[in-house]
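Structure, as structure tokens:
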Amino acid sequence: MAEIVKGAPTGPARRRALPPDWRQYVVYVGFVVIFVVFAVTLRDTGFLDPNNLLNIVRQTTMIAVMAVAMTFVLSAGEIDLSVGAVAGLASVTTAMAIAAGGPVVGVLAGLATGLLVGLINGGLTTRIGMPSFLVTLATLGIARGTAMWISQTAAIPVLSRGFNFTFGSGNLGPVPVLLVWMAVFAVAGHILLRRTGFGRKVLASGGGEVAARYSGVDTAGIKLRVLLLSSLAAAVAGMLYAGRLHSGRFQLGEGDELSVIAAAVLGGTSLFGGVGTVIGTIVGALMIGLINNGLILLGLDFSQQLIARGVIIILAVAIGRQK
Amino acid sequence: MTAAAPASDAVRMRGISKSFGGVQALRGVDLTVRPGSVHALLGENGAGKSTILKILCGVQPPDCGAVAIFGERMSEFTPEAARRLGVAMIFQEMSLIPTLTVAQNIFLTREPRTGRFLDDRAARAQARALLAQLGVDIDPATPVSRLSTGQKQMTEIAKAVSQNARVLIMDEPTSALSTAEVDHLFAFVDRIRRGGMAVLYVSHKMDEIRRIADTVTVLRDGTHVLTRPIADITLEQIIEAIVGRRINAFAHRARVVDRSGPPLLELRGLSGQDKPREVSLQLHRGEILGIAGLLGAGRSELARAILGIDPPVSGSILLHGRRVPCGVPRAAIGAGIALIPEDRRTQGLILEQSVFANLTLPTIDRLSRRGFVDDARASAQAQDLIARLRIKVASPSLAVKTLSGGNQQKVVLAKWLAADPDVLVLDEPTAGVDIGSKGEIVELVRAAADSGKGVIVMSSELAELLSLSDRILVMSGGRVVRAIDRIEIDEWSPPDTDPVDRISLAERGLQHAIQESQRDG
């Protein structure tokens, strides 16, 4: 994905100049290797069953949706730790608003939740100059606490069939709606980062903030927008959780921030800004989903899964960084 | 090895070729350095200077060719082998350990001992004798961290001498030295030359070459262009050999500036937090305005205030007679002001990203339709700029950090020329740039002014200011304290004098004016 990262031009020059740096492709190789290993070792457990594979997609979509936005945040040199908590809060506000005013109001309430947290994250980061790490660590707690408080720690059922179908439970023929959501975010994110002026400015802001400012890029505005984008994507992920489980719960999305950041970094996005690839992120997210699924089918209990997942992620990133 | 090289040559390199990947860095280069001489090695970045130095100090083997040091053939190319033969390189980034004393550094790993124990007193005594013999006034018990840059350099040379160095390589040794330290170093180099040392000296600074070197060798594109005694060659001939064509960047070219119309850019009492202080000036179409001043006079601060990177606290900026919102870089850029900033590595460029991405960043909105970047147009713009400014890069998709300093600076200039601004503000436009690129950048700035743009140049290089400017303002303590017109400069340096003398006369005049205004301010 070098052409995304470095914003290379089209035309003959690109083919001439790109050295095949295999490290950029480690996530794709890793994905295939892990897939093949599971396909061989787990052939008796139905790993390759189309239903199981679609299940992996269903379980991964929320992470993927948030990770696409996280790619922008990291590329701009910031971080957003609040995404999981925002997803949980949005699932609760959406469920409550659907109960009060129907699905449309519910969706608007969910998006408004994301918008509000995003403005707080972005505003505090860019206007006051707090590091986004601290701001979003704080809003993580605030969002999770608010979700617990307004739901009184209870699950809030979502009874709208239309909402549940659109946001997570439905199938279009053999294709789960969640797969469509993932595809839409992947394509839109890829185009936004790779083909638009906004995407270039995001990479410039993270790659060299001072030079970007001297070049007339409104780096504060860009950072505000990526943090807003991240919270909105988290709100969408929260609605997808609510639609899939037919309820809003404060616990939804707990710990997702780590999977989301891991997906982006596995995919080749730099934690330090300036380098990002949406396609890599999607593959990174699918890889994490694949690992989770395979470890369950292997019969590992939850504690072992956590350990194995951590080890695999360290290995993947370490191989990618080795000189 | 066919015949033994005559022992009278300190360095004898014959038919040296070296390529990296597909790039031929050196093609059959010959180089002979005699003992007791200072031999200047000149060339643009990429001409092959550093490759030949690396071969000589054993860092890289040549593909073919032979190297002999005082008649002894270099059979293996390792740094240890080169050192054994007496080749020592003085590094720009000092290879001394700051926490140890001068004596400890000189004898590091070869310390004098009494029995099994280190004898620091003997080391100090030996170091003192060595330094005295070299005529260097440094107490060997001083920790290196307390030495000035010049003293560190001499310590490093003393260390090399104590290791029986017979060939000394100095690469841009004066880049971090003050004028007084340079004088000191040159006196020192002169002494060790008399002692029979062969010195290979690399520098971009022509005045230094004239002062210190006996012989010059010029490389261009990996080939040997000429070797001649310094007395037999003029500055112009040297520059022409380096660049491969005539360059008249260093003489001032008279330009006609029409100051009758309304000014293009006007600053009224512009003040920043600390600097600048109440700066008012007018810039006309086609005019090049130089800003001189000592370090800390507020030149860069003025540049940043004009663009709004550091928001001004009072005053106003008028472009075409209309106020430009102060303190908003985007607004200033949108109105038609561009800044080539002081530090290209952090302010001018995003080093990790491609030449293409850097060239299109300021104009990305203009290259987009409904938010989408028009790749064909962006690519055409980048290719056009690369061709027009003769930026040396294999492909626009290479990271800009892989380019030489001169080419990086051309990328900064190019990205702003693409934006077609009305006013170009350049802060130290040729700092750290080789002489060929320097000339090209000066020509580009002149061409921009000739096409009707207004140009403001901040520079600490007086020769550059003098050759470019139609008018020079002198700053001190954030204020403009003096304006110097071309007529006054011509009084310092009458047009009928020798061109080289003219440049130094004008420089002396400007130097004097700056120091004088410092005293008044």
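Derivation of every value follows stated rules applied to the coordinates shown; laboratory data play no part. Computed from a prediction, not measured in an experiment: that's the story for all the values here. We place every Cβ from the backbone using ideal geometry, glycine too, and count neighbours over all the protein chains shown.
Full-extension gain between B:D420 and B:T179, please, as 0.36 nm times their residue separation minus the C-alpha to C-alpha distance. Mind dumping the intermediate values first?
Numbers: separation 241, 0.36 × 241 = 86.76 nm, distance 3.91 nm.
Taking B:D420 through B:T179 to full extension adds about 82.8 nm, to one decimal.
Between the residues B:L100, B:T149, B:G135, the greatest Cα displacement towards the positive end of the dipole of region B:100-162, with unit charges on the Cβ of Lys, Arg, Asp and Glu, is found for B:L100. Distance between the modelled labels on B:F372 and B:S280, one decimal in nanometres: 5.3 nm (7 Å Cα→Cβ projection).
Tell me the net charge near B:D232. Cut-off is 15 Å between Cβ atoms, B:D232 excluded, with +1 for each Lys or Arg and -1 for each Asp or Glu. Display every interim value, and only then the final one.
Values: positive: B:R210, B:R228; negative: B:D214, B:E236, B:E240.
Taking every Cβ under 15 Å from that of B:D232, the sum is -1.
If you take the Cα centroid of region B:284-315 and the Cα centroid of region A:95-141, the two points sit 42 Å apart. Could you tell me whether region B:100-162 comes out rounded, prolate or oblate from its Cα gyration tensor? Rule is a ≥ b ≥ c as square roots of the eigenvalues, rounded for a/c under 1.5, then prolate if a/b exceeds b/c, otherwise oblate. Prolate. By the Kirkwood approach, averaging reciprocal distances over each pair of separate Cα atoms, the protein assembly as shown gets a hydrodynamic radius of 31.2 Å. Rounded to the nearest 20, the Cβ-based charge dipole of region B:366-503 about its Cα centre (Lys and Arg +1, Asp and Glu -1) stands at 940 debye.
A straight line joining the Cα centroids of region A:239-281 and region B:127-197 runs 59 Å.
Nearest 20 debye, what's the magnitude of the dipole of chain A about its Cα centre given +1 on Lys and Arg Cβ and -1 on Asp and Glu Cβ?
On the way: 22 positive and 12 negative charges, 173 e Å.
Charge dipole of chain A: 840 debye, to the nearest 20.
The stretch between B:Q515 and B:A483 holds 10.1 nm of extra length on full extension. This uses 0.36 nm per residue minus the Cα-Cα distance. Shape call for region A:124-272 from the C-alpha gyration tensor, a ≥ b ≥ c root eigenvalues: rounded (a/c under 1.5), prolate (a/b greater than b/c) or oblate? It comes out oblate by the Cα gyration axes. The alpha-carbon atoms of region A:78-181 define a convex hull whose volume equals 106 cubic angstrom per residue.
Can you give the local net charge around B:A335? Use residues other than it whose beta-carbon is closer than 12 angstrom to its beta-carbon, Lys and Arg +1, Asp and Glu -1. It works out to a net charge of +2.
Dipole magnitude for the protein assembly as shown: computed about the Cα centre from +1 point charges on Lys and Arg Cβ and -1 point charges on Asp and Glu Cβ, it is near 1380 debye. Three semi-axes describe the equivalent ellipsoid of chain B; taken as square roots of 5 times the Cα gyration tensor eigenvalues and ordered largest first, they are 45, 28, 23 Å. Over region A:26-321, all Cα pairs binned in 5 Å intervals from 0 give whole-percent P(r) values of 1, 6, 12, 16, 18, 17, 14, 9, 5, 2, 0, 0, listed from short to long. What is the sum of charges around B:A449, taking Lys and Arg as +1, Asp and Glu as -1, for the other residues whose C-beta is under 13 Å from the C-beta of B:A449? After counting each charged neighbour, the total is 0.
Helices that extend 30 Å or more along their long axis by alpha-carbon positions and average at least 1.0 on the Kyte-Doolittle scale are, among the DSSP H runs of chain A, A:50-75, A:219-245.
Taking Cα pairs under 8 Å and at least six residues apart, what relative contact order does region A:26-321 come out at, in percent? List each step's numbers first, then the result.
Values: 562 pairs, mean separation 103.9, N = 296.
Contact order relative to length: 35 percent.
Modelled label positions at B:A380 and B:D30, each set 7 Å beyond Cα in the direction of Cβ, lie 5.1 nm from each other. Once the GluC sites (Glu not before Pro) in DSSP loops with at most 13 neighbouring Cβ atoms within 10 Å are cut out of chain B, the longest remaining piece is B:94-521. Projecting the Cα atoms of B:A506, B:L417, B:Q518 onto the charge dipole of chain B (Cβ charges, centred on the Cα centre) puts B:L417 farthest toward the positive pole.
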